[in-house]
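What follows is calculated from the coordinates using simple rules that are stated; it is not laboratory data. Just so you know, these numbers come straight off a predicted model, no measurement behind them. Positions of Cβ are generated from backbone atoms using ideal geometry, with glycine treated the same way; all protein chains shown enter the neighbour counts.
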Amino acid sequence: MQNISKPIYLDNAATTFPKAPGVKEAVSEFLENIGASAGRSGHSLSIESGRILFQTRKSLADLVGLKNCKRILFTLNATMAINTLLQGFLKEGDVVVVTQMEHNAIKRPLNALKSRLKLEVREIPCDSMHTVDLNSAKEMLKDAKLLACAHINNVSGAMIPLEDLSALAKAQNVAFLLDGAQSVGCVEMKEVMSQVDFLALSAHKGLLAPMGVGALVIADDFAIERIEPLVFGGTGSLSEEEIQPLFLPDRFESGTPNMHGIAGLQAGLEWIKKQGVENIHRHELSLREQLLEGLSGIQNLKIYRTKGRSGGTLSVDIPSYTLSEIGEILDNRYGICVRVGLHCSPSSHKSLGSFERGGTIRLSPGAFTTKEEINFTINALRDIAEYKGQK
Amino acid sequence: MIKGYVLVFTTSSAFESEAILKDLGITIKLVPTPREFSSDCGISVYFEAKDKAELAQIPNTLKEQKIEFDIKYI
């Protein structure tokens, strides 16, 4: 094995690292030279802060093909965006459809709401390659109010058939919430806001920006009054009134936003625009292909293959070790950072068949992962798997 | 020279108006809303239009972009 000078980071599905060039500088510039709260004062620093907020809203809107950038509602992360929608849109007795491989960001709020609102939650079956059963989906969407699912699975990398599900939901007048935590910034999504009604996203994953910023995106034609805010409070507008403003984005954005994080997000968005999302996706797919090719045929190593389109993430396992042992060996002996276990997504593992085992080894390359790093990882996994049972 | 303020209801609209009017080449500046004008937002767009033709572009363009606003002349 070659010596490595720095850790190989293959945990981009949890959070991307490193961040895009320019992000650190933008955060630092904000903290050192701007610092003021956006939209709260009329002085020059507050105005500059507000400009950054507006520009970032516009850049995000451009990325996802949204016309009215005021329908980008900033949150702390994708989970909060999902909660905002589920808690603000669902009413007593509603029917919600999800897939059998959802992350806890969708499962947990839905389960919490299930008894409170007497919801009926239907699960579209998925096979062990994370393929969604579209015939069942069609049946399950009958009389439903909302379809909620992740665009790219965070365990296997499988991508749902978005166009097909969108068509089925539209045909039955079912609103569609897409969890884009694993796809925004990694997959071209210029058309997405014509395919779904709501998109939840996170800045710190595919957008290569700091943690602590997310957004709920509402489609241009969706009647906003159908959604109640999750958080109420000061907005910098209508200060003489003690009730929440009705207009956007203020209706859903109370309290001081994470402006240095948003400044970093703007830098991330600029870098991604320059690179081209399709090029980033192509790069990540090529690394996944390299992993698939290099790991195939290794004795004692299981690959969780998927069918159809995907992101860059791939799950594997070496059953002769415990998962935590593999994670530790990869880190301590080879300097490779991966996440092992259930990845906050027990449903995904149940459908993959890896739940009883306690999960998988998740390899998630990112925009800055190199072919050499993937090659090193393949060799490391081969060494571990073929160690003939000796640990 | 015709001077005045575009008053808007949200800070987002103020920044949106700034970007739109800047693209039109009109002399503008974001400023704290003067106390004598009623406004729901703490920031307004101060403008200096060269003539009536340039002035007319302001409401026309903002309406096209579906921004709610009021104009006060000084």
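Selection over segment A:19-39 of residues that are in a loop (DSSP other than H, G, I, E, B) and surrounded by fewer than 19 Cβ atoms within 10 Å (Cβ to Cβ) gives a count of 5. The set of residues in segment A:352-369 that are in a loop (DSSP other than H, G, I, E, B) and touching a strand residue (DSSP E or B) at 6+ places or on another chain (Cβ under 9 Å) comprises A:353, A:354, A:357, A:358, A:359, A:365, A:366, A:368, A:369. Return the residues of segment A:48-57 that are touching a residue at least 24 places away in the same chain (Cβ under 8 Å) and either among the hydrophobic types (A, V, I, L, M, F, W, C) or away from chain B (no Cβ under 12 Å) (or both); say none if nothing qualifies. Correct list: A:52, A:53. Within the span defined as segment A:304-326, one or more residues are crowded, with 19+ Cβ neighbours inside 10 Å and part of a helix (DSSP H, G or I). With respect to the stated conditions, residue A:15 fails to be of a type in the set (S, T, N, Q) and either under 24 Å from residue A:147 (Cβ atoms) or surrounded by 24 or more Cβ atoms within 10 Å (Cβ to Cβ) (or both).
Listed here are the residues, each with its yes/no results for (1) in a loop (DSSP other than H, G, I, E, B); (2) surrounded by fewer than 21 Cβ atoms within 10 Å (Cβ to Cβ).
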| site | (1), (2) |
| --- | --- |
| A:209 | yes, no |
| A:220 | yes, yes |
| A:231 | yes, yes |
| A:234 | yes, yes |
| A:239 | yes, yes |
| A:261 | no, no |
| A:297 | yes, yes |
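Can you tell me which residue within segment A:75-91, out of those that are part of a loop (DSSP other than H, G, I, E, B) and touching a strand residue (DSSP E or B) at 6+ places or on another chain (Cβ under 8 Å), is surrounded by the most Cβ atoms within 10 Å (Cβ to Cβ)? Filtering segment A:75-91 for residues that are part of a loop (DSSP other than H, G, I, E, B) and touching a strand residue (DSSP E or B) at 6+ places or on another chain (Cβ under 8 Å), the one surrounded by the most Cβ atoms within 10 Å (Cβ to Cβ) comes out as A:90. Any idea which residue in segment B:33-74 is farthest from the other protein chains (Cβ to nearest Cβ), counting only those that are free of Cβ contacts under 8 Å to residues at least 24 places away in the same chain and within 12 Å of the chain's Cα centre (by Cα)? Residue satisfying both the conditions and the ranking: B:56. Number of residues in segment A:225-241 that are of a type outside the set (Phe, Trp, Tyr) and away from every other protein chain (no Cβ under 14 Å): the value is 8. In contact with an Asp or Glu (Cβ under 8 Å, 6 or more places away or on another chain), among the hydrophobic types (A, V, I, L, M, F, W, C) and either more than 20 Å from residue A:212 (Cα to Cα) or away from chain B (no Cβ under 12 Å) (or both): which single residue out of A:45, A:31, A:66, A:60 fits that description? Exactly one of A:45, A:31, A:66, A:60 is in contact with an Asp or Glu (Cβ under 8 Å, 6 or more places away or on another chain), among the hydrophobic types (A, V, I, L, M, F, W, C) and either more than 20 Å from residue A:212 (Cα to Cα) or away from chain B (no Cβ under 12 Å) (or both), namely A:66.
Inspection of segment A:106-125 finds a residue satisfying the criterion of being among the small types (Gly, Ala, Ser) and surrounded by fewer than 18 Cβ atoms within 10 Å (Cβ to Cβ). Only one entry of B:71, B:28, B:58 meets the criterion of being touching an Asp or Glu at 6+ places or on another chain (Cβ under 9 Å), surrounded by 14 or more Cβ atoms within 10 Å (Cβ to Cβ) and more than 18 Å from residue A:70 (Cα to Cα), and that entry is B:28. Scanning segment B:6-19 for residues that are buried (at least 21 other Cβ atoms within 10 Å of the Cβ) and either more than 11 Å from chain A (Cβ to nearest Cβ) or over 17 Å from residue B:57 (Cβ atoms) (or both) yields B:6, B:7, B:10, B:11, B:12, B:13, B:14, B:15. In segment A:242-293, of all residues being among the β-branched types (Val, Ile, Thr) and touching a residue at least 12 places away in the same chain (Cβ under 8 Å), the one that is farthest from the other protein chains (Cβ to nearest Cβ) corresponds to A:280.
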